[in-house]
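Visitor: Handing you a structure now.
The values are calculated or read from the model by the stated rules, or taken from the named source; none is laboratory data. Everything quoted here is computed from the prediction, not taken from an experiment. Ideal geometry is used to build each Cβ from the backbone, glycine not excepted, and the neighbour counts take in all protein chains shown. Heads up: the accessible areas ignore ligands, DNA and RNA and are worked out on the full protein's heavy atoms, side chains in. Shrake-Rupley method; radii C 1.70, N 1.55, O 1.52, S 1.80 Å.
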There are 2 protein chains.
Amino acid sequence: MIREHTVAIGPFRLDGGTTLADVEQRVTIYGTPRPDGSNVVLVAHALTGSSRVAQWWPGIVAEGGLFDPAEWCVIGVNALGSCYGSTGPASQRPHNTRFPRVTVRDIAGAARRALRILNVERVQIAVGGSLGGMQALQWALDAPQAIGNAIVIGAHDHHSPMGIALNAVQREALELDPVRGLRLARKIAMLTYKSEALLNRRHGRRGDRNGKPYFDVEGYLDRQAELIASRMDPASYATLTHAMDSFDVREHAVSPSKPALRFVGITSDWLFRAQDVRAAAERFADRGFDAEYLELRSDHGHDAFLAEPAALRALLEPFVARCAHYASC
Amino acid sequence: MIREHTVAIGPFRLDGGTTLADVEQRVTIYGTPRPDGSNVVLVAHALTGSSRVAQWWPGIVAEGGLFDPAEWCVIGVNALGSCYGSTGPASQRPHNTRFPRVTVRDIAGAARRALRILNVERVQIAVGGSLGGMQALQWALDAPQAIGNAIVIGAHDHHSPMGIALNAVQREALELDPVRGLRLARKIAMLTYKSEALLNRRHGRRGDRNGKPYFDVEGYLDRQAELIASRMDPASYATLTHAMDSFDVREHAVSPSKPALRFVGITSDWLFRAQDVRAAAERFADRGFDAEYLELRSDHGHDAFLAEPAALRALLEPFVARCAHYASC
């Protein structure tokens with residue numbers, strides 16, 4: 001059973017001080033929550049994702065998948081600032097009013113308020129990759145009483161200077177031209193999501209497969225750019241990359257109640273390096289969390305959390321089974 | 001003694017089939033060549049360099065440096081297609097006529113013709129980093145009788161798919177807006193020239209040092225963009241990145257006469273990975289060259305060949321001394 005709600009959460013005060021009036025959150029729910037929330041999984045999306053998590057993570061949220069809606073109640077919430085049903089730059093009235101900066105804490109807080117309105121007071125697991133992983137960790141720190149476990153994939157406890165700089169050049173492309181700039185930003189981003197080994201194997205120095213007078217890897221980027229142009233609002237892209245840049249929870253206050261944390265590093269990820277993910281897991285363990293580092297061995301790069309669902313599932317299954325066991329106790 | 005020449009090399013037929021009329025090459029010469037060329041070093045420049053090699057490589061070409069003009073005759077040639085005195089898009093008449101593609105072989109061939117006109121028939125060493133390293137290797141393969149040794153730094157025997165893709169997104173920025181796009185292209189390029197470790201150390205997540213409302217690393221990129229805007233022609237930038245993309249000498253014919261080759265990989269270089277530089281050295285050794293791999297240990301990234309002259313000098317000094325010894329025999 002899939003239900004989709006547009007939840008009015010009222011005025012929402014942002015970290016930056018602005019209060020947004022009449023904020024809405026688009027929520028998609030797969031399966032049925034137990035009253036105590038013990039089977040609820042919140043799946044947080046990355047930069048260009050939506051609340052329809054089974055669409056963009058089909059190998060994970062699916063019948064027979066890591067999170068089977070027959071057993072789990074899987075909830076996706078479109079991030080504040082995005083363009084898939086939640087309040088963001090594209091939903092502003094009048095249109096194109098300058099939308100304020102939002103932080104990952106704002107995104108997580110707005111989602112939490114929407115879930116409370118839907119009578120979901122507690123989630124057993126928050127999970128996500130990249131910006132989604134940042135959200136999962138933010139939940140664990142901001143609302144430890146409302147979450148049992150967090151799985152942080154291809155992300156860690158702060159955005160790096162290289163990540164900040166790569167987001168900045170992507171936003172600069174948007175400033176040159178919202179439409180063509182979004183295509184360019186996506187191309188830059190795709191290179192940060194893929195590994196050199198993957199490009200070598202898939203494209204090499206071959207000419208374009210459709211006979212265009214350039215290299216195959218250029219044709220690949222063109223196809224990726226086509227896909228993004230029709231489905232992403234440039235202002236949302238800017239808003240959510242700023243949110244990523246702002247993310248740094250290394251000094252976040254720690255509550256006595258501590259959700260269990262699992263950090264997944266991807267060996268070939270050069271945007272969120274495995275060594276940095278490991279270091280974050282160690283920092284949280286040092287602060288008293290049940291925090292462990294797991295490694296997804298893949299040559300795919302950052303996008304392995306999307307591209308390698310079978311390996312990711314195998315890696316996470318023991319922990320998820322433990323969460324389910326606790327849930328049923 | 002520094003001399004600068006603009007050498008008319010006449011019509012020049014390009015690899016792509018087009019013949020350029022009235023080609024000129026800007027040549028800068030530091031020191032005095034011996035008649036047999038035994039003290040001549042050709043220093044080939046990278047993407048945005050010029051023939052004035054002592055300006056952009058002051059730690060290497062200098063009194064007391066690795067190549068001291070008191071001993072060596074150091075020659076720089078502005079690459080065909082560039083904008084520092086040699087024929088390129090900006091020198092076309094009528095202006096902005098579409099300039100044809102050039103290859104690294106074209107660049108090396110035009111430079112060689114200019115040197116012959118200046119009565120330099122042979123160089124003892126060709127050396128360069130990045131696109132300059134490609135040129136040095138191209139000299140060794142195309143004109144083994146005219147060159148004794150080649151030093152290839154932060155480059156190898158072909159441009160990688162990741163490198164091609166990164167050049168493509170930079171050219172796409174130029175297409176959006178020649179002026180602001182060049183700034184953006186330079187920012188993207190600077191990120192490929194630096195390592196994550198360097199950005200962590202230099203910039204971290206600090207705010208901008210001049211108080212602008214962004215991160216320090218963004219201010220750094222802005223300053224780099226300012227510097228390029230005033231000194232580089234966007235069409236030359238496109239021409240020379242295409243030349244890099246075309247570079248692949250893995251199947252190049254090998255002459256019985258084989259210059260000695262030294263390949264320098266930089267440990268933190270993610271644009272031209274050290275492992276790929278090492279593999280290229282091994283391929284040339286397998287083909288009968290006196291080819292060796294040297295490693296510059298640096299956390300600076302690709303730009304270490306510019307930023308770490310003392311370490312580079314220490315690494316290359318034994319080989320250069322051997323070249324000088326042979327030269328004086």
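Visitor: If you rank B:282, A:295, B:251 by how much accessible surface each has, with a 1.4 Å probe, what is the order from largest down?
Guide: B:251, B:282, A:295
Visitor: Then there's this: Could you work out Rg/(2.2 N^0.38 Å) for segment B:1-147, with Rg from alpha carbons only? Write out the running numbers ahead of the final one.
Guide: On the way: Rg = 14.4 Å, N = 147, 2.2 N^0.38 = 14.7 Å.
In units of the globular-protein estimate, segment B:1-147 measures up at 0.98.
Visitor: Moving to a separate point now. Could you give the nm distance between label points at residue A:310 and residue A:68, where each point is 7 Å from its Cα heading toward the beta carbon?
Guide: 1.8
Visitor: Compute the accessible area of each residue in segment B:144-164 twice, once for its chain alone and once with every protein chain present, using a 1.4 Å probe on heavy atoms, and list those whose area falls by at least 50 Å².
Guide: B:161, B:162, B:164
Visitor: For the A and B pair, go ahead and give the buried accessible area with a 1.4 Å probe, both sides summed, in Å² to 100.
Guide: Interface between A and B: roughly 3500 Å².
Visitor: For segment B:168-241, what does the accessible surface come to per residue with a 1.4 Å probe? Please give it in Å².
Guide: Heavy-atom SASA per residue in segment B:168-241 reads 38 Å².
Visitor: Determine, at each q value in 0.11 (inverse angstroms), the log₁₀ of I(q)/I(0) that the Debye formula gives when each Cα of chain A is one equal point scatterer.
Guide: Relative scattering, expressed as log10 I(q)/I(0), comes to -0.67.
Visitor: Find the lysine pairs in the protein assembly as shown meeting two conditions, Cα atoms under 22 Å apart and a separation of 8 or more places or different chains, and report how many there are. Kindly include the intermediate steps, with their values, before the conclusion.
Guide: On the way: A:187/A:212; A:187/B:187; A:187/B:194; A:194/B:187; A:194/B:194; B:187/B:212.
Going through the protein assembly as shown pair by pair, I get 6.
Visitor: Moving on. Can you name the residue in chain A whose Cβ lies closest to the A-to-B rotation axis, and give that gap in whole Å?
Guide: Taking Cβ atoms only, the nearest residue and its distance are A:176, 2.
Visitor: Report Rg/Rh for segment B:168-241, rounded to two decimals, where Rg is the Cα radius of gyration and Rh the Kirkwood radius.
Guide: Numbers: Rg = 13.1 Å, Rh = 12.9 Å.
That ratio is 1.02, to two decimals.
Visitor: Another one. Using the beta-carbon distance between residue B:254 and residue B:179 and R0 = 56 Å, what value does 1/(1 + (r/R0)^6) give for FRET efficiency, to the nearest 0.05? Walk me through the numbers on the way to the answer.
Guide: Working: r = 44 Å, r/R0 = 0.79.
Efficiency, rounded to the nearest 0.05: 0.80.
Visitor: Give me the percent of the accessible area of segment A:168-241 that comes from carbon and sulfur atoms, probe 1.4 Å, all protein chains in place. Could the numbers behind the result be given before it?
Guide: Working: 1500 of 2860 Å².
After summing per-atom areas, the C and S share lands at 53 percent.
Visitor: Report Rg (one decimal) and Dmax (nearest whole number) for segment A:116-175, counting Cα atoms only, units Å.
Guide: Rg and Dmax of segment A:116-175, Cα atoms, are 14.7, 42 Å.
Visitor: For residue B:293, tell me the accessible area in Å² from a 1.4 Å probe, rounded to the nearest 10.
Guide: 40
Visitor: Let me ask something else. Between segment A:224-268 and segment B:59-127, how many Å separate their Cα centres?
Guide: Cα centres, segment A:224-268 to segment B:59-127: 46 Å.
Visitor: Which residues does a label at residue B:282 reach in segment B:135-168, if reach means a backbone N under 14 Å from a point 7 Å past the Cα toward the Cβ?
Guide: none
Visitor: Starting at the first residue of segment A:157-163, write each ³J(HN,Hα) from the Karplus equation 6.51 cos²θ - 1.76 cosθ + 1.60 with θ = phi - 60°, in whole Hz, x for Gly and Pro.
Guide: Each residue of segment A:157-163 in turn: 9, 6, 8, 7, x, 5, x Hz.
Visitor: Using modelled backbone amide H atoms (1.01 Å from N, in-plane), which distant-in-sequence or interchain residues come within less than 5 Å of residue B:264's amide H?
Guide: Long-range HN contacts for residue B:264: B:152, B:153, B:154, B:155, B:294.
Visitor: Right, another one. Could you give the longest part of chain B that holds none of the trypsin sites (Lys or Arg not before Pro) found in DSSP loops with at most 13 neighbouring Cβ atoms within 10 Å? Provide the component values of the computation, followed by the final result.
Guide: Working: sites that count: B:98, B:206, B:209, B:231, B:250, B:287, B:297.
For trypsin sites (Lys or Arg not before Pro) (loop position, at most 13 other Cβ atoms within 10 Å), the longest site-free span of chain B is B:99-205.
Visitor: Which value, in Å² rounded to 10, gives the accessible area of residue A:289 with a 1.4 Å probe and all protein chains present?
Guide: My reading of the accessible area for residue A:289 is about 20 Å².
Visitor: Ok, one more. Could you order B:177, B:36, B:216 so the one with the most accessible surface comes first? Probe is 1.4 Å. Mind dumping the intermediate values first?
Guide: On the way: B:177 35, B:36 90, B:216 5 Å².
Correct descending sequence by accessible area is B:36, B:177, B:216.
Visitor: Taking Cα centroids, how far is segment B:270-329 from segment A:290-306 in Å?
Guide: Between the Cα centre of segment B:270-329 and that of segment A:290-306, the gap is 34 Å.
Visitor: For segment A:1-57 and segment B:133-182, what is the separation of their Cα centres, given in Å?
Guide: 47
Visitor: Starting at the first residue of segment A:285-297, write each ³J(HN,Hα) from the Karplus equation 6.51 cos²θ - 1.76 cosθ + 1.60 with θ = phi - 60°, in whole Hz, x for Gly and Pro.
Guide: 4, 4, 8, x, 7, 6, 10, 9, 9, 10, 10, 8, 7
Visitor: Using a loss threshold of 20 Å², tell me which positions in segment A:177-193 are less accessible in the complex than in their chain alone. Probe radius 1.4 Å, ligands and nucleic acids ignored.
Guide: Buried by the other chains: A:180, A:184, A:187, A:188, A:191.
Visitor: In addition: So what's Rg/Rh here for the protein assembly as shown, counting alpha carbon atoms and using the Kirkwood radius for Rh? Spell out each step's value before the answer.
Guide: Working: Rg = 27.8 Å, Rh = 26.7 Å.
A ratio of 1.04.
Visitor: Turning to a different aspect of this structure: Which value, in Å² and to the nearest 10, is the accessible area of residue A:115 when all protein chains are kept and the probe is 1.4 Å?
Guide: Counting only protein heavy atoms, residue A:115 exposes about 0 Å² to solvent.
Visitor: Turning to a different aspect of this structure: Copy-to-copy spacing for residue B:178, label 7 Å out on the Cα-to-C-beta vector, in nm, shortest first?
Guide: The projected label point of residue B:178 is separated from its counterparts by 2.7 nm.
Visitor: Starting from a label point 7 Å past Cα on the Cβ side, list the distances from residue B:207 to the same position in the other copies, nm, shortest first.
Guide: Result for residue B:207, in nm, nearest copy first: 5.5.
Visitor: Please state the equivalent ellipsoid semi-axes for segment B:228-329: what are the square roots of 5 times the Cα gyration tensor eigenvalues, largest first, in whole Å? Numbers along the way, then the final one.
Guide: Details: eigenvalues 133, 82, 49 Å².
So the three semi-axes of segment B:228-329 are 26, 20, 16 Å.
Visitor: How far, in nm to one decimal, is residue B:282 from itself in the other copies if the label point is set 7 angstrom along Cα toward Cβ? Shortest first, please.
Guide: Counterpart label points of residue B:282 in the remaining copies fall at 3.0 nm.
Visitor: To continue, here is another question. Return the distance in nm (one decimal) between the two label points of a simple spin-label model at residue B:1 and residue B:13, each offset 7 Å from Cα along Cα→Cβ.
Guide: 3.7
Visitor: Diagonalise the Cα gyration tensor of segment B:78-200 and give the resulting equivalent ellipsoid semi-axes, square root of 5 times each eigenvalue, largest first, whole Å. Could you put the intermediate results ahead of the total?
Guide: On the way: eigenvalues 156, 93, 26 Å².
They are 28, 22, 11 Å, listed from largest to smallest.
Visitor: Name the residues whose placed amide hydrogens come within less than 5 Å of the amide hydrogen of residue A:92, ignoring near sequence neighbours (fewer than 5 apart) on the same chain.
Guide: For residue A:92, whose amide H was placed from the backbone, there are no distant partners under 5 Å.
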